[in-house]
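Comments concern the structure below.
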Amino acid sequence: MKESLGTTGLILNEPLLWEKGKKGRRGFSLPRRDVEFSPLNEDLAGEGPDFPDLSEVDVVRHYTRLSTWNFGVDTGMYPLGSCTMKYNPKTNERQAGLQGFAGAHPLLPAGLSQGTLKLMFELEQYLSEITGMDAVTLQPAAGAHGEFAGMLVICAYHKSKGERRSKIIVPDTAHGTNPASATLCGYQSVPVKSNEQGILSPEAVADVMDEDTAGIMVTNPNTLGLFEENIKKIAEIVHAKGGLVYCDGANMNAVMGIVHMGEIGIDVLHLNLHKTFSTPHGGGGPGSGPVCVKKHLEPFLPVPRVVEENGKYSLSEDFPESVGKLHAFYGNFGVMIKAYSYILSMGPGGLKKASQLAVLNANYIKEKLKGVFHLPYDRPCMHECVFSDEFQKADKVTTLDMVKRLMDYGYHPPTIYFPLVVHGSIMIEPTETESKEDIDLFIEALKAIADEAKKNPELLHDAPSRCKVRRLDETTAARKPCLAG
Amino acid sequence: MRYLPHTSEDITSMLEEVGVDGLDGLFSTIPEDCRHRDDLNLPEPLTEWELNDRMGALSDSMAVSPEYKMFIGAGSYQHYIPASVSSLLGRSEFVTSYTPYQPEISQGTLQAIYEYQTLTTRLLGMEVANASIYDGASALAEALLMALRITKKRKVAISSLIHPLYRRVVQTYCEPSGYEIAELPYLDDGRTDLSKLAGMNDLGAVAVQSPNFFGCIENLKEISEMVHEKSALLVASFTEPLAYGLFKNPGSQGADIACGEGQSLGIPQSFGGPVLGMFASKMKYVRSMPGRLVGKTTDMDGKRGFVLTLSTREQHIRREKATSNICTNNSLCALAAAMYMASMGGTGMRELAMLNYDKSEYLKSELKKAGFKINFESPTFNEFVVEFPAGFKNTYERLLEKKIVAGLPLAPYYPELSSHYLLCVTETRTRQDIDALVREVKS
């Protein structure tokens, strides 16, 4: 194979912030004082925080060094299944940084904030069109926040019918936060198993669906990277008993311009703008989790909502059945800008092409590696494919060992031990922004690791060997938590 | 499309490997009746230049500083952000990484969050802080749910001087579980009236904000004693953490949970988001805390390192039993705040807070001199309520035309304060701006 991407380059040490600095330094220029000192109430006055005093160069070197210990999409391939770590266009950052957006106060009169309101209004329309749903709220600040909003909408819908249902069906192939989002709404989650093909069967749903069940939370495509083929039939079963169908649309990346969510029986759907619509993940947020609904659920969406009249935009609170507010203001507007910018850059054809290539890349990896690693569900996959460490067990090599070794080859490991339905799983999501050459290199690296597992398993047990730190003691970290210095 | 690297030859050869004819063939598992029949009805793709024009036009229609002189805070504050912070925050190793699930190649994010947690505990005077959540409002809602989990009670009392929009978020969060929320009125001096507490039983938590929505500093020490007497937890909320550069922090006054908005610490206002939900508590409650935590540990060679920890509290393990669904934080915003706090240092935070205080005191005294009423007399930090004469609405509109935003009208939030406005002055307003405002409101 070609030389691996991982290097043994320069890794500089850097202490903790408060291990450097000297009292009296300041890394910031205080504005000129043009007013007198005012007396201060001594009972209320405090000492000020015990922060280290650092110069600007101290701070710059500190964070620059820290940054070099991180792997990001701009560093290399980040095939983290279920997380959609694709390339984030730089132009999006530029747009979000425009002074009119970045400097906008959220409580300005509507007449002074037409630009942001128009952007939100149009983004809602675009997301409606892409999903095939009727109305959208952009307010939830993350995917799980969107799940919660969706559950609140379902709760409010039943309430409007004079009902209080107590259960929600959650398949084992759904996202991890789904049951917790249901719990927050006071629902009890009822787990249901996927079938031998890795998808949900209508019979399994029919068995648990009753008049006390508020609905079902399906992740589609699911966390095995498979399309829930029976979704229409399942929706009929749930609807027949008065329930609603919630779709976790975090994996929308696979089906843009292809699946019409509005026509397959979905009532509520959340999107992860930061995944599908290319906002960088920032080391774990901020995200944005808009919720799209069918017409009959629109009255329950969070307020305020952006409305348009004669080309003028304003925020309206006039939705008496609304679930209320979920965010102090309107959600993560900065993330919305990036999604809007991305959609406009791609156009309808580009979005569909992105999904097609994401699926092509995943299926290509699946085909090329299926003899090397065990493939529990040998079916056409969507944007991610799931393997397990079944073949490597004999050599006492685990999924963890293999992915740690992958770091030495210059890659971020895929998602591991998820989904829970596959023992020792490795979930690979290459996304559409990786080229054939880069994917071939990645495949070769994984093949080389499978080979090492047989011939020299110690290499894997000791991996990674070229990072800032070696394997970390997570047990002690949890038993004797040290959470601040 | 410039973000998609595949050539038609690549596509053909990859399809061959997969064994399907054409890209459509990849979607064979999707039934026909689940598909879009037509192409998406969206605008045709824009070039980068066209996009710049379109976004530039939207952005230019906004009223923002420096052209507009803003005297409006109310949970979103204009502060200078050092160029070094914006530049460091833009480093793609921070921006384009994900949740640090693989600690060996995420030490940058992990150490930075650990430092953020530490700076947050020091700023708020608390023992433990999480890696942040969505915003000040959701932080308050999560704090109250946490207090109810700890105390196993079903009722909370909330000061009416907590940001009105935060209170509405709390209502949304509490509604489906049927938790009871009682509201505490306010006194003539601009602080929370706690007298109703005496008659309340079975309280899990009492929430107050300081500085409160009127900008007034609450006497947290006194409040915490009363709250603890009722065996409830004190949740101290805030929208302007810079105040703790000058005033006593919530932890030193007995708060059990301190939570609020950290936007002031180097984060752009961005029309209200993304911002930073700061969240901290006493150590004994850490296992009930929502959100992500980073802990210090060592690697196989004994070298210092950092990992995500205590995740068994969360949805990863016992997903049906999880009580919080917080899965992401606002990591990049937390990083910005850490960089900002590091740039300020203890000395800088104090000086900056003092400057904010003095500038708003200057406006307050100039308005008083001009004959306007400041009814709430408690000490304030960088914002305060002023009563303007009836008919001030016209003056307010006229000032908007002169590109001065003379505060936030309180009528929509407190109907009894129909001619009152909440005014805010930070270090970004000059004496000249302030004098111009006073001159204009007088005329």
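The values are calculated or read from the model by the stated rules, or taken from the named source; none is laboratory data. As the structure is a computational prediction, the values presented were derived from the model and not from experiment. All Cβ positions, even for glycine, are placed from backbone atoms using ideal geometry, and neighbour counts span all protein chains on display.
Some points to look at:
- Of the residues making up the stretch A:403-422, those that are within 26 Å of A:Glu196 (Cβ to Cβ) and either modelled with pLDDT of 95 or more or within 19 Å of the chain's Cα centre (by Cα) (or both) number 7.
- Identity of the residue in the stretch A:89-110, of a type in the set (A, V, I, L, M) and facing another protein chain (nearest Cβ under 7 Å), that ends up nearest to the chain's Cα centre (by Cα): A:Ala102
- Output for the stretch A:288-344, where each listed residue is in a loop (DSSP other than H, G, I, E, B), touching a strand residue (DSSP E or B) at 6+ places or on another chain (Cβ under 7 Å) and among the aromatic types (Phe, Trp, Tyr): A:Phe319
- Restricting B:Ile158, B:Ile162 to residues that are assigned to a loop (DSSP other than H, G, I, E, B), β-branched (Val, Ile, Thr) and either at pLDDT 95 or above or under 30 Å from A:Val323 (Cα atoms) (or both) narrows the list to B:Ile162.
- Pairs with Cβ under 7 Å, 6+ apart, first in the stretch B:31-42 and at the interface with chain A (Cβ under 7 Å from one of its Cβ atoms), second part of a loop (DSSP other than H, G, I, E, B) and not small (Gly, Ala, Ser): B:Pro31/A:Glu229; B:Cys34/A:His260; B:Cys34/A:Ile264; B:Arg35/A:Ile258; B:Arg35/A:His260; B:His36/A:Ile258; B:His36/A:His260
- Residue within the stretch B:85-93 that is modelled with pLDDT of 95 or more and touching a Leu at 6+ places or on another chain (Cβ under 8 Å) present: yes
- Of all residues in the stretch A:352-361, those being facing chain B (nearest Cβ under 9 Å), among the hydrophobic types (A, V, I, L, M, F, W, C) and closer than 16 Å to A:Met427 by Cβ number 1.
- For the stretch A:72-92, the condition of being among the hydrophobic types (A, V, I, L, M, F, W, C) and under 24 Å from A:Val306 (Cα atoms) holds for none of the residues.
- Residue match in the stretch A:45-60 (condition: at the interface with chain B (Cβ under 7 Å from one of its Cβ atoms) and in contact (Cβ under 8 Å) with a residue 60 or more places away in the chain): no
- Considering the stretch B:230-284, there are no qualifying strands (runs of 3 or more DSSP E) wholly inside with 1 or more residues that are within 23 Å of B:Met70 (Cα to Cα) and among the polar types (S, T, N, Q).
- Pick from the stretch B:247-275, criterion of a type in the set (A, V, I, L, M, F, W, C) and farther than 27 Å from B:Leu58 by Cα, ranking: farthest from the other protein chains (Cβ to nearest Cβ): B:Ile257
- Test: B:Gly108 is within 15 Å of the chain's Cα centre (by Cα), surrounded by 24 or more Cβ atoms within 10 Å (Cβ to Cβ) and within 8 Å of chain A (Cβ to nearest Cβ): no
- Of the set (1) closer than 26 Å to B:Met14 by Cα; (2) free of Cβ contacts under 8 Å to residues at least 40 places away in the same chain, all apply to A:Asn361 but (2).
- Residue within the stretch A:373-381 that is closer than 30 Å to B:Asp39 by Cβ, charged (D, E, K, R), within 9 Å of another protein chain (Cβ to nearest Cβ) and not in a helix (DSSP H, G or I) present: yes
- 1 or more residues within 10 Å of chain B (Cβ to nearest Cβ) and within 24 Å of A:Asn222 (Cα to Cα): qualifying helices (runs of 4 or more DSSP H) within the stretch A:386-485: A:399-408, A:436-455
- On the stretch given as the stretch A:352-402, residues that are crowded, with 19+ Cβ neighbours inside 10 Å, of a type in the set (Phe, Trp, Tyr) and over 26 Å from the mean Cα position of the chain (by Cα) total 1.
- Taking each residue of the stretch A:109-123 that is farther than 14 Å from A:Gln139 by Cα and looking for partners that are assigned to a helix (DSSP H, G or I) and among the small types (Gly, Ala, Ser) with beta-carbon atoms closer than 7 Å, six or more apart or interchain, yields A:Gly115/A:Gly100; A:Gly115/B:Ser59.
- Filter result for B:Ser59 (buried (at least 16 other Cβ atoms within 10 Å of the Cβ), among the hydroxyl-bearing types (Ser, Thr, Tyr), closer than 27 Å to A:Ala104 by Cα and in contact with a helix residue (DSSP H, G or I) (Cβ under 9 Å, 6 or more places away or on another chain)): yes
- Test: residue in the stretch B:362-381 that is closer than 12 Å to A:Ser38 by Cα, within 7 Å of another protein chain (Cβ to nearest Cβ) and surrounded by fewer than 24 Cβ atoms within 10 Å (Cβ to Cβ): yes
- The one condition from (1) within 8 Å of chain B (Cβ to nearest Cβ); (2) touching a Pro at 6+ places or on another chain (Cβ under 8 Å) that A:Phe71 does not meet is (2).
- Here the stretch A:242-279 is the region considered, the condition is being in a strand (DSSP E or B) and within 14 Å of the chain's Cα centre (by Cα), and the residue that is surrounded by the most Cβ atoms within 10 Å (Cβ to Cβ) is A:Asp248.
- Evaluation of A:Val35 against the conditions (1) closer than 26 Å to B:His163 by Cα; (2) of a type outside the set (Lys, Arg); (3) facing chain B (nearest Cβ under 7 Å); (4) not in a helix (DSSP H, G or I) shows that the sole unmet condition is (1).
- Of the residues making up the stretch A:44-72, those that are out of contact with any Gly (no Cβ under 9 Å at 6 or more places or on another chain), surrounded by 17 or more Cβ atoms within 10 Å (Cβ to Cβ) and not in a loop (DSSP other than H, G, I, E, B) number 1.
Let's see how each residue does on (1) under 30 Å from B:Glu377 (Cβ atoms); (2) in contact with a Cys (Cβ under 8 Å, 6 or more places away or on another chain); (3) assigned to a loop (DSSP other than H, G, I, E, B):
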residue: B:Ala137; (1), (2), (3): yes, no, no
residue: B:Glu142; (1), (2), (3): no, yes, no
residue: B:Tyr173; (1), (2), (3): no, no, no
residue: B:Asp188; (1), (2), (3): yes, no, yes
residue: B:Ala207; (1), (2), (3): yes, no, no
residue: B:Phe213; (1), (2), (3): yes, no, yes
residue: B:Ser224; (1), (2), (3): yes, no, no
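- Those residues of the stretch B:282-305 which are in contact (Cβ under 8 Å) with a residue 24 or more places away in the chain and away from chain A (no Cβ under 11 Å), in sequence order: B:Lys282, B:Tyr285, B:Ser288
- Scanning the stretch A:225-241 for residues that are among the small types (Gly, Ala, Ser) and in a loop (DSSP other than H, G, I, E, B) yields a single hit, A:Gly225.
Let's see how each residue does on (1) facing chain A (nearest Cβ under 7 Å); (2) in a loop (DSSP other than H, G, I, E, B); (3) at positive phi:
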| residue | (1), (2), (3) |
| --- | --- |
| B:Tyr3 | yes, yes, no |
| B:Glu17 | yes, no, no |
| B:Thr29 | yes, yes, no |
| B:Leu51 | yes, no, no |
| B:Ala57 | no, no, no |
| B:Ser65 | yes, yes, no |
| B:Ser76 | yes, yes, no |
| B:Glu104 | yes, no, no |
